Amino acid sequence: MINEEYRILGDTVKEFSEKNLEGSSLKIERGGLGDDIITKMAAQGFLGAKIPADLGGSGIDEKGYLIILENLARVSPSAALKVLINNSLFYPLVSESGDTGTIEGVAGGKVNATVAMEEVQEGYLESGKLSVSGGRLTGTKIGVINSDATVVVALGGESGKELFLIKNGISKGRSNPSLGFRGLTLSQLVVDSDDYISLGSEGLDRMTKVMDSLDLEISAIAIGISEGSLNKAIEYTKVRSTFEHLLKDYEPVAFSLAHLNSEIEGLRSFLFDRDDLNAKERLELKFLSVDLAKRCTKQALQSHGGYGYLQDFGVEKFYRDAMALSSLFFRRERDNRRLAEEVFQGKAGFI
Amino acid sequence: MDFDFPEELAETRKKIREFGLRELTPELAEKYDREEKYPNEIRKKAFEAGIINYENPWGMLMAIEELCRIDPGLGISATVSLFGEEVIMLFGTEEQKQKYLTRVNSGELIMGLAVTEPGGGSDVAGIKTTATRSGDKFIINGAKMFITNGQIADFIVMLVRTSPPNGKRHHGLSTVIVDTKAKGFTANKLEGKLGVRATNTAELVLNNVEIPVENLVGPEGKGFYHIMTFFNISRVYVAAQGLGIAQGALDRMLQYIKKASALGIAEANSESSQFILAEVAAKVEAARLLTYKAASFLFQFKPDPIITSIAKWHAAEAAVFAAEKAMELTGTTGITSDLERFYRDAKILEIWEGTSEVEKLIIARMLTKEDGTQ
Ligand SMILES: Cc1cc2nc3c(=O)[nH]c(=O)nc-3n(C[C@H](O)[C@H](O)[C@H](O)COP(=O)(O)OP(=O)(O)OC[C@H]3O[C@@H](n4cnc5c(N)ncnc54)[C@H](O)[C@@H]3O)c2cc1C
């Protein structure tokens with residue numbers, strides 16, 4: 001795609017978000033994304049954005065895909081995460097399964113899929129193993145996001161490292177109080193399936209690699225969250241007064257929002273203006289963007305005073321989502337070590 | 001200078017903690033948060049158990065701290081039913097004390113304090129609600145916003161404008177007691193809060209609400225001073241909320257490290273994890289010292305507004321910092337545990353009873369005033 005096309009794509013996603021997500025923002029937070037929005041997102045090609053066209057997707061390039069994530073996250077981080085789950089988690093893990101029907105279903109929004117990632121998020125194999133016995137795959141997975149899914153990719157088997165594509169017998173277990181991404185459910189997932197495919201014994205490695213390759217996607221969502229929350233704060237402080245002055249006229253308010261805005265602009269250009277980011281730069285972007293999202297959303301909430309604490313003003317969700325993004329996709333030790341190794345060109349930061 | 005509490009208070013703390021662990025169960029904490037419901041039963045039990053005892057201010061402070069450490073939403077709900085009583089205690093008549101305070105202190109009545117309005121909270125002098133004298137009555141019109149206990153309170157101490165500002169915005173304000181059953185009084189529960197969802201928060205609408213003139217608390221026109229005096233007291237208790245939440249987050253970090261280390265996960269106790277733990281512990285300890293210092297001045301009837309505001313600001317920041325770091329350390333374990341609730345609950349402390357920005361303004365203005373710079 002050429003620059004003009006990226007610009008048009010950005011405007012289209014922005015318009016879509018404002019038209020279909022902004023007005024339903026509270027509904028999404030309270031009751032989930034819902035079939036209507038999923039259908040609309042599918043019609044735009046977002047749900048299969050990166051999946052090849054011959055498998056029912058849009059086959060868009062990386063930059064275009066990041067533009068979609070960023071502009072959805074500006075309004076609904078849950079919608080952005082749904083796109084990420086389909087395209088950057090589910091698809092890479094099942095692309096060689098030969099199950100084109102399921103992939104097409106996911107790309108077209110007909111099949112709701114997710115990936116249970118607890119082992120790679122936590123960095124260890126502990127509970128919730130899935131075991132195979134008598135032709136059935138059974139067990140429980142914890143902390144699964146988008147757990148309303150009917151198709152799941154998860155690790156299990158004797159070693160706990162075998163990858164499975166599970167196509168039936170999935171139900172939600174104990175649901176977790178959902179800090180963020182309330183448009184998607186977070187809960188345990190109970191599996192008792194007789195329709196599943198093994199995707200190989202190297203599952204843990206593959207899942208780890210997939211997780212390691214999300215740096216730019218997570219950055220795009222984090223930047224979107226930052227922009228969405230900061231824009232709300234900037235608009236609010238232009239109209240709210242205390243002590244007979246507009247909030248924007250107070251130095252601490254104006255300076256902090258302005259500084260955050262510069263950081264967003266810096267990171268946006270880091271993310272979008274270069275086509276040749278190396279592994280180290282990608283990771284740096286993730287560190288900086290996730291950190292910025294947490295700081296931006298906190299300041300945005302704070303600038304709204306008491307109203308920031310209420311769902312109706314649409315800013316507290318960003319505060320929750322920024323931390324949820326960090327909890328689910330930023331693995332403190334692993335990512336720090338990856339970064340240190342890139343900087344030191346070898347093993348570093350392990351004692 | 002002795003940093004240890006006397007044995008009697010150490011016993012009180014123990015008793016509070018035992019009560020909290022017994023009554024503020026994880027199931028109830030999760031339920032009241034999910035349902036956004038006020039836990040009146042827990043409040044009543046806290047009174048019955050002697051946990052809420054206004055005659056023992058250090059005990060009260062500890063109750064807030066220890067219960068918030070177990071669960072902020074339930075802890076605040078259980079200890080907030082007397083919110084605002086100092087206004088009557090310090091400025092009210094004997095009759096008002098008899099009629100209201102005795103019953104609030106016994107747990108029979110619930111009260112609230114209403115300052116904030118839809119148009120503003122930080123700017124106390126900017127309130128618009130009016131109380132107009134008509135014979136032996138005041139007629140109140142206006143709206144109050146974000147009022148804790150608003151929908152469940154029996155009466156509310158309210159800041160109202162009784163005469164025009166006449167050039168000085170903080171003049172012409174008064175504090176009055178409003179019966180929540182009065183005609184023209186409506187409380188609309190505010191739902192969808194980020195945290196402290198067990199606490200009851202409401203918007204109050206006052207449409208020609210009549211109150212007898214005897215309900216004026218203290219002299220007419222001194223309301224601004226009453227509220228500022230009150231904040232110098234209540235902020236110490238908010239600091240205790242912060243201290244409790246910060247300590248609660250630290251407790252959970254320690255539990256996580258122990259559990260994960262026992263499972264053989266070396267990184268849970270890596271040097272970088274230890275540094276995070278140490279940083280949180282240091283903030284908690286500083287919050288503890290500041291809170292107790294502010295309380296010590298207050299309980300000796302010589303409150304220090306600078307120390308109080310520093311304590312409130314720092315303890316609020318410590319709570320938010322500790323909850324944030326605990327979430328970062330524990331990853332998906334944290335997000336699927338009660339830590340996520342601590343993270344949501346902690347943020348209120350930087351907003352209510354003076355935002356962090358307002359506290360900083362107070363600190364700086366008082367310092368420069370003392371210094372003669374202003
Ligand atoms: C759950 C909850 C319970 C509450 N309970 C009560 C209660 O029981 N009784 C009651 O009276 N109130 C209550 N409040 C209200 C609370 O005290 C106010 O929200 C708070 O004082 C801030 O006022 P505001 O919301 O109007 O924000 P604003 O005053 O509009 O402030 C918005 C932002 O601007 C900042 N700001 C304002 N002025 C300046 C300045 N000069 N310089 C720099 N920054 C500035 C503020 O710090 C804040 O970040 C409650 C609020 C909540 C959310």
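The values are calculated or read from the model by the stated rules, or taken from the named source; none is laboratory data. Since the model is a prediction, treat every value here as computed from it, not as a measurement. Using ideal geometry, Cβ is built from the backbone for each residue, glycine included, and neighbour counts are taken over all protein chains shown. Keep in mind that these areas ignore ligands, DNA and RNA; they rest on the heavy atoms of the full protein, side chains included. Shrake-Rupley method; radii C 1.70, N 1.55, O 1.52, S 1.80 Å.
Miscellaneous remarks
- Gain on full stretching of the segment that runs from B:Arg34 to B:Lys168 - 0.36 nm per residue minus C-alpha separation: 43.7 nm
- Members of B:Lys31/B:Lys189; A:Lys27/A:Lys238; A:Lys50/A:Lys82 lying beyond 21 Å, as alpha-carbon distances in this model show: A:Lys27/A:Lys238
- Rounded accessible area per residue of region A:53-110, 1.4 Å, Å²: 28
- Cα gyration tensor shape of region B:137-243, rounded if a/c is under 1.5, else prolate or oblate by comparing a/b with b/c: oblate
- Convex hull volume of region A:201-308 per residue (C-alpha atoms, cubic angstrom): 101
- Amide H contacts of B:Glu210 (H built 1.01 Å from N, in plane; Pro and chain starts excluded): B:Ile140, B:Lys183 sit under 5 Å, all sequence-distant by 5 or more or on other chains.
- Computed Kirkwood radius, in angstrom, where 1/r is averaged over Cα pairs of the protein assembly as shown: 27.2
- Prolate/oblate/rounded label for region A:92-241 (Cα gyration tensor, a/c 1.5): prolate
- Cα point-scatterer Debye curve for chain A, base-10 log of I(q)/I(0) at q = 0.09, 0.10, 0.15 Å⁻¹: -0.49, -0.60, -1.32
- Backbone phi angles across region A:24-31, fed through the Karplus curve with coefficients 6.51, -1.76 and 1.60 (θ = phi - 60°), yield HN-Hα couplings of 9, 3, 5, 4, 5, 5, 8, x Hz in residue order; Gly and Pro are listed as x.
- Distant-in-sequence amide H partners of B:Met145 (H built 1.01 Å from N, under 5 Å): B:Thr116, B:Glu117, B:Leu204
- Rounded percent of accessible protein surface that carbon and sulfur make up, region A:4-107, 1.4 Å probe: 47
- Computed from backbone phi, the HN-Hα couplings of region A:44-49 come to 7, x, 5, 5, x, 3 Hz, rounded to whole numbers (Karplus: 6.51 cos²θ - 1.76 cosθ + 1.60, θ = phi - 60°; Gly and Pro given as x).
- Global geometry of region B:225-371, whether rounded, prolate or oblate, following the gyration tensor of its Cα atoms and the 1.5 cut on a/c: prolate
- Burial of 50 Å² or greater, region B:310-355 residues [accessible area, probe 1.4 Å, versus chain by itself]: B:Glu328, B:Thr332, B:Ile335, B:Thr336, B:Glu340, B:Tyr343, B:Lys347, B:Ile351
- Between region B:172-238 and region A:145-161, the Cα center-to-center distance that results, in Å: 53
- Each residue of region B:314-362 gets 56 Å³ once the volume of the Cα convex hull is shared out per residue.
- Summed over qualifying helices (DSSP H, 4 residues or more, each -39500 (n - 2.57)) and divided by its residue number, the protein assembly as shown shows a 222 nm mean residue ellipticity of -16500 deg cm²/dmol.
- The label-point distance for A:Leu246 and A:Ser131, in a model that sets each label 7 Å from Cα toward Cβ, rounds to 6.6 nm.
- Residue among B:Glu18, B:Glu27, B:Glu36 with the largest mean-square fluctuation in a Gaussian network model of chain B, springs linking Cα atoms under 10 Å: B:Glu27
- Across region B:60-144, the relative contact order, built from alpha-carbon pairs under 8 Å that are at least six residues apart, equals 18 percent.
- For chain A, built as a Gaussian network whose Cα springs stay under 10 Å, the top-fluctuating residue of A:Thr242, A:Thr140, A:Thr185: A:Thr242
- Phi-based couplings in Hz for region B:94-107 (Karplus 6.51, -1.76, 1.60; Gly and Pro marked x): 4, 4, 4, 5, 5, 5, 10, 5, 4, 7, 6, 5, 8, x
- For chain A, modelled as a GNM whose springs connect Cα atoms under 10 angstrom apart, the maximal fluctuation among A:Phe164, A:Phe329, A:Phe255 occurs at A:Phe255.
- Once both labels are positioned 7 Å from their Cα atoms along Cα-to-Cβ, the gap between B:Asp251 and A:Asp212 label points is 4.0 nm.
- Contour excess over end-to-end distance, with Cα ends at B:Glu210 and B:Ala266 and 0.36 nm allotted per residue: 13.5 nm
- Approximating the spin labels as points 7 Å out from Cα along Cα→Cβ, the B:Asp2-to-B:Arg133 distance works out to 5.3 nm.
- Total buried accessible area between A and B, probe 1.4 Å, nearest 100: 3900 Å².
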